[in-house]
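Computed from the coordinates by the stated procedures, all read-outs in this text should not be read as laboratory data. Treat the numbers as computed from the prediction; the structure is a model and nothing was measured. Note that each Cβ is placed from the backbone with ideal geometry, even for glycine, and that neighbours are counted across all protein chains shown.
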Amino acid sequence: MTTQSPSITILADNTAIDPLLSEHGFSCLIEFEGMKPVLFDTGRGVLFHNAAELGKNLSDVSTLVLSHGHYDHTDALTEFYTLNKNAKLICSEHIFTEHYSMKTGKLRTIGLSEENAETVRNLPDGQKVLVKKAASLPAYGITVYESIRQTNDSEKPSALLYSDKDCTVSDIMIDEAVISIETPGGLVLITGCCHCGFMNMCTHIIEETRGKHIHSVIGGFHLAGVSNERMDAAIHFIREHKIDKVYPCHCTGENEMQMLETALPLVVELPRCGTTLNF
């Protein structure tokens, strides 16, 4: 597996500065010198405007990786494939899992739209990889992990997310996938929402890579509204495992981002649409 230094640009996130646009969603572009880029998630649609403003050509993307089936990470999927008909798709084998939310007090379906599910189904078998546990892009030093083990008692699934319409089965987000990139400084992890839990995710990948060092973690951490005990545990975990950089985005929560930045001022940086991270 090749070890390279990627450049990662946030194309969709909850915050942006004019002329870029923001949304409740996430997407980022992973670029390697001399190679076609990899797109992680599509967000809901602002990636097209932001990519154009930033001079990024999405029709040149070689591979799209989906973190999970929620709408805020997949709504622009069909439009992306209208623009780029040849990109390979990598996602969990459980990507068609149903997802429901009661966060607004009313039942909402928040998984893949029928249109996007059909787009995935209609891709030729040779153009898509439905991951079972792990899949790799060796030329990029990328491994995609799914079915993240949820072993930490303090990181419970959201009480308002369900996998059935009757809201009787808690959604354990079996379709969640995470990117791990081998770099000279260690592993760079990219997560869409980290529904599985920040510590669970990192622990899973440390175990799967036989103890490799995590250099950076980028993405939504789904910490909004969690207990102080869980925040303290996450901060302790980052210190204990000597994670060099943490870039919270999207669903981490504004207050929780500030808590992370205050506790770990040399480690935590707050990106937004247009931020480019070089490793």
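Note on the stretch 7-278: dipole from Cβ charges, positive end direction compared against Ile206, Ala76, Asn228; the farthest Cα belongs to Ile206.
Give me His49, His195, His241 sorted ascending by neighbouring Cβ count inside 10 Å, so fewest comes first.
Sorted ascending by nearby Cβ count, the order is His241, His49, His195.
Are there trypsin sites (Lys or Arg not before Pro) in the stretch 160-238 that DSSP marks as loop and that have at most 14 other Cβ atoms within 10 Å, and which are they?
Lys165, Arg210, Lys212
Overall, the anisotropy analysis places the stretch 201-251 in the prolate class: the square-rooted eigenvalues a ≥ b ≥ c of its C-alpha gyration tensor yield a/c not less than 1.5, with a/b exceeding b/c.
Rounded to whole numbers, the Karplus 3J(HN,Hα) couplings from phi for the stretch 95-111 are 4, 8, 4, 7, 9, 10, 10, 10, 5, 8, x, 10, 5, 10, 8, 10, x Hz, using 6.51 cos²θ - 1.76 cosθ + 1.60 with θ = phi - 60°, and x at Gly and Pro. Remark: spin-label model distance Ser227-Asp18 equals 4.5 nm, labels positioned 7 Å along the Cα→Cβ axis. Labels on offer are (i) 1.01; (ii) 1.03; (iii) 0.93, and the one holding Rg/Rh (Cα atoms, Kirkwood Rh) computed from this structure is (iii).
What full-extension length gain, to one decimal in nm, is calculated for Thr104 and Thr183 as 0.36 nm per residue of separation minus the Cα-Cα distance?
Values: separation 79, 0.36 × 79 = 28.44 nm, distance 4.08 nm.
Extra length from Thr104 to Thr183 when fully extended: 24.4 nm.
The H on the amide N of Val65, modeled in the peptide plane, is under 5 Å from the matching H of Leu39, Phe40, Asp41, Ile90, each at least 5 residues off or on a different chain.
Working from label points 7 Å from Cα in the Cα-to-Cβ sense, the His241 to Lys132 distance is 2.7 nm.
Label zone (Gln258, point 7 Å along Cα-to-C-beta; backbone nitrogen cut-off 15 Å) within the stretch 3-19: none. Karplus-based coupling profile of the stretch 243-248, in residue order and whole Hz: 5, 6, 9, 10, 10, x, with θ = phi - 60° in 6.51 cos²θ - 1.76 cosθ + 1.60 and x standing for Gly or Pro. In this structure, Val169 and Glu33 have a Cβ-Cβ separation that, at R0 = 35 Å, corresponds to a calculated FRET efficiency of about 0.15.
Put a dot 7 Å past the Cα of Leu160, heading toward its Cβ, do the same for Leu83, and the two dots end up 3.1 nm apart. Using only side-chain charges placed at the Cβ, +1 for Lys and Arg and -1 for Asp and Glu, the dipole size of the stretch 7-278 relative to its Cα centre rounds to 380 debye.
Starting from the Cα-Cα distance between Arg121 and Leu54, subtract it from 0.36 nm times their residue separation and give me the gain in nm to one decimal.
21.0 nm
Summarising the strand pairing of the chain, around 60 percent of its internal DSSP beta bridges are antiparallel.
Would you please classify the overall shape of the stretch 20-103 from the alpha carbon gyration tensor, given that a ≥ b ≥ c denote the square roots of the eigenvalues, rounded means a/c under 1.5, and beyond that prolate means a/b larger than b/c while oblate covers the rest? Cα axes put the stretch 20-103 in the oblate bin.
Could you give the size of the charge dipole of the stretch 1-142 about its Cα centre, using +1 on the Cβ of each K and R and -1 on the Cβ of each D and E, expressed in debye and rounded to the nearest 20?
400 debye
Each part reduced to its alpha carbon centroid, the stretch 96-115 and the stretch 71-86 end up 19 Å apart. Let me check against my output: what whole-number percent is the relative contact order of the stretch 44-202, with C-alpha pairs under 8 Å and at least 6 apart? Dividing the mean separation by the residue count of the stretch 44-202 yields 23 percent.
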